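Structure, as structure tokens:
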Amino acid sequence: MKKYTDESHSLLAAEYVLGTLKGAARRRFERWMVDSMPLRQEVWLWEALLGGLADQVAPVEPPVQIAARLQARLWPIPASVSSLAERRHRRSAGLWKSWSLVATAASIVLALTLVLKPVTPAATEWVAVVQSSEAAPLWTLNAANSHGRFELKAVGAGRQAASEDFELWILPGQGAPISMGVMPVDGGRLTIQLSPEAMQSLLESRQLAISLEPRGGSPTGAPTGPVVYTSRLLPL
């Protein structure tokens with residue numbers, strides 16, 4: 001069986017819950033999950049973290065044409081039934097001829113409505129979960145759009161020492177780490193507003209690291225203490 005790292009456990013579990021893990025990879029993951037309690041716990045964690053996002057999205061009624069096409073693909077009419085319906089349709093063509101004009105006019109009105117109606121683009125969701133070596137969640141980081149505003153929550157993280165703080169960093173593809181600020185502990189929350197440049201670096205690399213720094217954060221603008229945790233930003 002293929003071996004995975006702790007980081008890949010988390011990424012695969014997130015992809016499984018989101019539904020982006022497909023085909024043979026999904027079936028292999030499900031077989032592996034049967035024999036692995038830590039992996040099942042990882043899946044339960046992501047279900048708890050991501051499950052509430054669906055409740056924030058308003059339901060959308062699909063257009064009639066799309067619903068009809070989906071129904072035709074999912075439940076096709078047998079050929080014999082379709083042939084009988086076609087014969088009946090030809091016999092009653094005269095009756096429905098006038099109604100076709102009405103339907104055509106309605107289709108034109110609907111098409112104009114769809115074209116002229118402004119469409120609001122869906123917001124992009126981002127999430128990252130920082131875990132301990134035992135796969136326990138310590139912090140969650142999420143955002144409702146890509147404008148650089150993140151909500152950081154301490155789920156299970158406590159203060160390391162009175163004279164130390166955890167600091168969150170972006171690890172860009174090139175260049176020095178970029179600080180996202182001192183992280184909250186003991187159930188605290190923090191709103192982080194990134195500059196456009198920092199946000200671009202984060203979206204390109206999606207790599208995060210947490211270092212242990214003196215109280216108040218790094219005095220130099222760069223990590224001075226050991227990197228104790230890493231994580232990855234995931235799009236939803």
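Structural remarks
- In region 174-221, the residues that are touching a residue at least 60 places away in the same chain (Cβ under 8 Å) and either β-branched (Val, Ile, Thr) or loosely packed, with under 12 Cβ neighbours inside 10 Å (or both): Ile210
- Residue-level analysis places Ala135 among those that are under 29 Å from Val17 (Cβ atoms), in contact (Cβ under 8 Å) with a residue 24 or more places away in the chain and more than 19 Å from the chain's Cα centre (by Cα).
- In this entry, Gly173 passes the filter for residues that are touching a helix residue (DSSP H, G or I) at 6+ places or on another chain (Cβ under 8 Å) and in a loop (DSSP other than H, G, I, E, B).
- Residue check for Arg28: modelled with pLDDT of 65 or more and surrounded by 13 or more Cβ atoms within 10 Å (Cβ to Cβ): yes
- Test: residue in region 145-168 that is at pLDDT 75 or above and at positive phi: yes
- Residue pairs whose Cβ atoms lie under 9 Å apart, sitting 6 or more positions apart in sequence or on different chains, and linking a residue in region 16-39 that is farther than 23 Å from Ala136 by Cα to a partner that is among the aromatic types (Phe, Trp, Tyr) and part of a helix (DSSP H, G or I), are Arg26/Tyr16.
- The set of residues in region 191-208 being closer than 21 Å to Gln131 by Cα, modelled with pLDDT under 90 and either touching a Pro at 6+ places or on another chain (Cβ under 6 Å) or not in a loop (DSSP other than H, G, I, E, B) (or both) consists of Ile192, Leu202, Leu203, Ser205, Gln207.
- Residue check: Ala136 meets all listed conditions (1) surrounded by fewer than 18 Cβ atoms within 10 Å (Cβ to Cβ); (2) closer than 25 Å to Trp46 by Cα; (3) touching a strand residue (DSSP E or B) at 6+ places or on another chain (Cβ under 7 Å) but one, namely (3).
- Only one of the numbered conditions (1) closer than 15 Å to Ala136 by Cα; (2) modelled with pLDDT under 80 is violated by Ala13, and that is (2).
The values are calculated or read from the model by the stated rules, or taken from the named source; none is laboratory data. Just so we're clear, the structure is a prediction, and the values are computed from it rather than from any experiment. Using ideal geometry, Cβ is built from the backbone for each residue, glycine included, and neighbour counts are taken over all protein chains shown.
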